[in-house]
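S.K.: What follows is a single structure, and I will ask about it in a moment.
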Amino acid sequence: RRSWFYYVGAPFIATMLFVIGTLLVLIEGWICAIVIIPMFAALGAVGGLVMGAVCRLTNWPKPTLYCFAALPLAVAALGSALPTPAALGSIERSLRIDAPAAVVWRKLHQIEDIRAEEMADAWAMRIGVPMPMSGTTRETPEGRVRESRWGKSVHFDELIQAWQPERHVRWTYRFAPDSFPRRALDDHVVIGGHYFDLVDTSYTLEPEGSATHLTMRVTYRISTQFNFYADWAAQLLLGNLSEVGLRLYKNRSEREWGGAQQPAR
C-alpha cells in the first residue's frame with residue numbers, strides 16, 4: 001500500500017519526465033512546455049488520487065489494474081477523430097496617460113526602437129515569445145497598414161479597419177508564409193495557426209483635459225480540446241502583455257509631452 005502523497009507525487013514526476021522528453025526530441029518547445037505543465041500536473045494528481053482510491057477500496061488482481069494503464073492511450077487515439085472546438089475571447093485594459101490624445105495617437109502609429117527593459121515585465125517574453133521591436137503605420141495602395149516587427153525576424157501586417165484620428169483605431173492581422181521563421185515560436189502558439197489566432201486589436205482614446213484615457217481591446221481565437229485551460233492561459237499572458245504595452249505607450253507619450261513642455265534655453 002502506498003501513501004496518498006505517493007499517489008499525487010508519482011504522476012507529477014511522470015508528467016515532468018514526459019514534458020522533458022518532448023523537449024529533448026523537439027516535439028515541443030519551451031513556451032508550450034511551460035504553459036501546459038500546470039494543467040498536466042493537476043490532471044496527473046487527480047488521476048493518481050483516483051487510481052490510489054481504486055487500489056485501496058478494491059481487491060482487483062494486478063492484471064485488472066494493469067489494464068487501466070491502457071486507458072490514456074485509448075482515449076488519446078480518439079483525440080484526432082474528435083472535432084476541435086473553437087472559441088473566441090477578448091481582453092480589455094486601460095490606463096490614464098498624462099499627455100494629449102494627439103501625442104498618444106502618434107505613438108500608437110510610430111513606435112520604434114523598443115528596448116528590452118521596456119518589455120521586462122511581460123511574462124510572454126520571459127518564456128520565449130519574441131519581443132516587439134517596432135510598429136509603424138503607412139499609407140499603401142490597399143489602405144492604411146501598420147507594419148509590426150518583432151524579434152527573431154518575426155514580422156506581420158496589421159490592416160486598419162477603423163480610423164478616427166485621435167479617437168479610435170482598429171486593425172486585423174495578416175500573416176505571410178515567412179512571418180514566423182522556424183523556431184521563432186512553438187507550433188501550438190503561432191499566431192494565425194490552427195490552435196491560436198488574433199482576430200483584431202483596437203485602441204480608444206478619451207481626452208481628459210490635457211491627459212488621455214487609453215483603452216486597448218484584443219479579440220483572439222483558441223482551438224484546442226481543452227479550451228477551458230487555453231482560455232485561462234491566453235487571458236493571463238495576453239492580459240499581462242496588454243498592460244505592459246499600454247505602459248510602453250504611456251511612458252513614451254509622457255516623455256515626449258514632458259520634453260515639449262520644457263522652456264527653450
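The values are calculated or read from the model by the stated rules, or taken from the named source; none is laboratory data. Quick caveat, the model's predicted, so the values are computed rather than measured. As a convention, Cβ positions derive from the backbone with ideal geometry for all residues, glycine included, and neighbour counts pool all protein chains shown. Remember, those area values only see protein heavy atoms, side chains included, never the ligands or the DNA or RNA. Shrake-Rupley method; radii C 1.70, N 1.55, O 1.52, S 1.80 Å.
S.K.: For a test of the definition: using alpha carbon positions, the gyration tensor, and the 1.5 limit on a/c, classify segment 1-140 as rounded, prolate or oblate.
M.R.: On the way: a/c = 3.08, a/b = 2.79, b/c = 1.10.
Note, shape of segment 1-140 comes out prolate.
S.K.: If a/c stays under 1.5 just call it rounded; otherwise compare a/b with b/c (prolate if a/b is bigger, oblate if not). Do that for segment 189-265, with a ≥ b ≥ c from the square roots of the Cα gyration tensor eigenvalues. Intermediate values should be presented prior to the final figure.
M.R.: Details: a/c = 3.61, a/b = 3.06, b/c = 1.18.
Judged from the Cα gyration tensor, segment 189-265 comes out prolate (a/c at least 1.5, a/b above b/c).
S.K.: Place the peptides 15-21, 71-77 in order of packing, highest mean first, counting for every residue the other Cβ atoms within 10 Å and averaging per peptide. Spell out each step's value before the answer.
M.R.: Details: 15-21: 14.0, 71-77: 9.0.
For the peptides 15-21, 71-77, the packing ranking is 15-21, 71-77.
S.K.: Taking all protein chains as present, what is the carbon and sulfur share of the accessible area of segment 147-195, in % to the nearest whole number, probe 1.4 Å? Provide the component values of the computation, followed by the final result.
M.R.: Numbers: 1340 of 2800 Å².
Carbon with sulfur: 48 percent of the solvent-accessible area.
S.K.: Right, next: Protein chains only, probe 1.4 Å: how do Ser90, Ser179 rank by accessible area, largest first?
M.R.: On the way: Ser90 45, Ser179 0 Å².
So, going from the largest accessible area down, we get Ser90, Ser179.
S.K.: Further question: May I ask you to rank Trp257, Trp60 by accessible area, largest first, using a 1.4 Å probe over the protein chains only?
M.R.: Working: Trp257 80, Trp60 120 Å².
The most accessible residue leads, giving Trp60, Trp257.
S.K.: Select from the chain the helices, each a whole stretch of DSSP H, whose alpha-carbon atoms run 24 Å or more along the helix axis and whose Kyte-Doolittle mean is at least 1.0; answer none if there are none.
M.R.: Working: long enough: 4-24 (31 Å, 1.69); 30-57 (40 Å, 2.08); 227-261 (49 Å, -0.56).
Answer set is 4-24, 30-57.
S.K.: Go ahead and estimate [θ] at 222 nm for the chain from helices alone: -39,500 (n - 2.57) per DSSP H run with n ≥ 4, summed, over the residue count, rounded to 500. Write down the numbers at each step before the final one.
M.R.: On the way: 7 runs with 111 residues, N = 265.
That comes out to -14000 deg cm²/dmol.
S.K.: Is segment 64-139 rounded, prolate or oblate when judged by the Cα gyration tensor, a ≥ b ≥ c being the square roots of its eigenvalues, rounded requiring a/c under 1.5 and prolate requiring a/b larger than b/c?
M.R.: prolate
S.K.: Here are some values of percent of Cα pairs over 33 Å apart: (i) 27; (ii) 21; (iii) 36. Which one was computed from this structure?
M.R.: Evaluating percent of Cα pairs over 33 Å apart on these atoms matches (iii).
S.K.: How do Leu88, Leu78 stack up against each other in accessible area, from largest to smallest, with a 1.4 angstrom probe?
M.R.: Values: Leu88 130, Leu78 105 Å².
Most to least solvent-accessible, the answer reads Leu88, Leu78.
S.K.: Which value, in Å² rounded to 10, gives the accessible area of Lys250 with a 1.4 Å probe and all protein chains present?
M.R.: Solvent-accessible area, nearest 10 Å²: 50 Å².
S.K.: Dipole of the chain (Lys/Arg Cβ +1, Asp/Glu Cβ -1, origin at the Cα centre): which of Leu246, Gly48, Gly143 lies farthest to the positive side?
M.R.: It is Gly48, whose Cα lies furthest towards the positive end.
S.K.: Next up: Give the range of the longest stretch in the chain that excludes all GluC sites (Glu not before Pro) found in loop regions by DSSP and having at most 15 other beta-carbon atoms within 10 Å.
M.R.: On the way: sites that count: Glu112, Glu142.
The longest uninterrupted stretch comes out as 143-265.
S.K.: Give me the accessible area of Thr22, 1.4 Å probe, in Å² rounded to the nearest 10.
M.R.: Roll a 1.4 Å probe over it and Thr22 shows about 20 Å².
S.K.: Work out the FRET efficiency for Val50 and Thr84 from their Cβ-Cβ distance, taking R0 = 22 Å, and round it to the nearest 0.05.
M.R.: On the way: r = 27 Å, r/R0 = 1.20.
Efficiency, rounded to the nearest 0.05: 0.25.
S.K.: Still on this structure: Any chance you could look up the accessible area of Cys67 with a 1.4 Å probe, heavy atoms only, rounded to 10 Å²?
M.R.: The accessible area of Cys67 comes to roughly 80 Å².
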